[in-house]
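One structure is given below, encoded as structure tokens.
The values are calculated or read from the model by the stated rules, or taken from the named source; none is laboratory data. Values in this document were obtained by computation on a predicted structure and should not be read as measured data. Cβ atoms come from the backbone with ideal geometry, glycine included; neighbour counts cover every protein chain shown. Accessible surface areas use protein heavy atoms only, side chains included; no ligands, DNA or RNA. Shrake-Rupley method; radii C 1.70, N 1.55, O 1.52, S 1.80 Å.
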Amino acid sequence: IMGGTVEDCQSAPDECIDEPFANVTVGEVTIDGDTAKTDVAATDSEGDDDSFGVYVVKEDDVWKLDGLFVLSDEVPDGVDVVDLDLVEFAFAFDPASDAVESGNFAFHVKNTGEQAHMLGIIKIPEDADLQEILQSEEEDVPGVEDIDFRFPYNPGDESDLVFDAPLAPGRYALACYIGDANDPEGTPHAFKGMTAEFMVK
């Protein structure tokens, strides 16, 4: 359950636990007292390669998972970097900058808010209604292309996000689907205004 609580997962474990990863490779482990972190590369249940950071903590002489974090990509030469701040409940960046409009850029993402956030990036038809897309229960919405999804960005986390190739011309949207930690209903941040758009020319 994206942004769900422990109670949510206890009542619906199938919604919280996915299929096991395959081909798991663990990077160098950095230990600081009773805490540690490392990066993990693996293949998910759909056969896609994935990588993420892992925090662990030592309790009663047992190392336990304590959380995840987004790994940073290496920004290639010639690619502009655009600052993107995550706050409650907005994405702060300049969508009209030359770098964004060129499509040949990377995001430097930083969570300057007080809650965990995520960054979902999709390409959408120019005449589409973004809120209808976000609220659709269809798994694949016609005309919508998934570009990248990175989570979780905990408060203070930051990383560089590099696209596989320069973005093609068109309309793009950002959205955070994590539930509001202060809302008993767990309403996704996107439904509280945490969306943004930009055009690549």
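Taken together, the residues in the stretch 86-109 that are open to solvent by 30 Å² or more (accessible area, probe 1.4 Å) and of a type in the set (Val, Ile, Thr) amount to 1.
In the stretch 51-85, how many are part of a strand (DSSP E or B) and open to solvent by less than 60 Å² (accessible area, probe 1.4 Å)?
Start the filter on the stretch 51-85 by keeping residues that are part of a strand (DSSP E or B), which leaves 51-59, 62-69, 80-85.
In the following step, the residues that additionally are open to solvent by less than 60 Å² (accessible area, probe 1.4 Å) were identified as 52-54, 56-57, 67, 69, 82, 84-85.
Counting residues in the stretch 51-85 that are part of a strand (DSSP E or B) and open to solvent by less than 60 Å² (accessible area, probe 1.4 Å) gives 10.
Cβ-Cβ contacts under 7 Å between residues 6 or more apart (or on different chains), taken from a first residue in the stretch 97-119 that is under 23 Å from residue 52 (Cβ atoms) and of a type in the set (Val, Ile, Thr) to a second residue that is open to solvent by less than 10 Å² (accessible area, probe 1.4 Å) and not in a helix (DSSP H, G or I), are listed as 109/84; 109/86; 109/119; 109/153; 109/159; 109/161; 112/86. Residues in the stretch 125-143 that are in contact with a helix residue (DSSP H, G or I) (Cβ under 6 Å, 6 or more places away or on another chain) and touching a residue at least 12 places away in the same chain (Cβ under 8 Å): 134 only. Considering (1) touching an Asp or Glu at 6+ places or on another chain (Cβ under 7 Å); (2) outside any loop (DSSP other than H, G, I, E, B), the lone condition that residue 114 does not fulfil carries the number (2).
Screening residue 172 with (1) modelled with pLDDT of 95 or more; (2) part of a loop (DSSP other than H, G, I, E, B); (3) under 14 Å from residue 121 (Cβ atoms) gives one miss only, at (2).
For the stretch 166-183, which residues satisfy the criterion of being open to solvent by 60 Å² or more (accessible area, probe 1.4 Å), more than 19 Å from residue 128 (Cβ to Cβ) and not polar (S, T, N, Q)? Break it down stepwise before answering.
Initially, the stretch 166-183 is screened for residues open to solvent by 60 Å² or more (accessible area, probe 1.4 Å), giving 166, 169, 177, 181-182.
Imposing the further condition that a residue be more than 19 Å from residue 128 (Cβ to Cβ) reduces the set to 166, 181-182.
Within the stretch 166-183, 166, 181 meet the criteria.
Of all the numbered requirements in (1) modelled with pLDDT under 75; (2) closer than 20 Å to residue 154 by Cβ, residue 40 misses one, and that requirement is (1).
Residues in the stretch 184-201 that are modelled with pLDDT of 95 or more and of a type in the set (D, E, K, R) were compared, and the one that is most open to solvent (accessible area, probe 1.4 Å) is 201.
Condition (residue is exposed (fewer than 14 other Cβ atoms within 10 Å of the Cβ) and under 30 Å from residue 34 (Cβ atoms)) applied to the stretch 113-127: is it met by at least one residue? Write out each step before concluding.
To start, the set of residues in the stretch 113-127 that are exposed (fewer than 14 other Cβ atoms within 10 Å of the Cβ) comprises 114, 126-127.
Then keep just the ones that are under 30 Å from residue 34 (Cβ atoms); that gives 114.
Yes, the stretch 113-127 contains at least one residue that is exposed (fewer than 14 other Cβ atoms within 10 Å of the Cβ) and under 30 Å from residue 34 (Cβ atoms).
Inside the stretch 128-165, residues that are farther than 18 Å from residue 198 by Cβ and open to solvent by less than 80 Å² (accessible area, probe 1.4 Å) make up a count of 9.
Within this structure, residue 160 fails the test of being out of contact with any helix residue (DSSP H, G or I) (no Cβ under 9 Å at 6 or more places or on another chain), part of a loop (DSSP other than H, G, I, E, B) and either in contact (Cβ under 8 Å) with a residue 60 or more places away in the chain or over 20 Å from residue 69 (Cα atoms) (or both).
Scanning the stretch 86-111 for residues that are polar (S, T, N, Q) and either at positive phi or part of a strand (DSSP E or B) (or both) turns up just one, 111.
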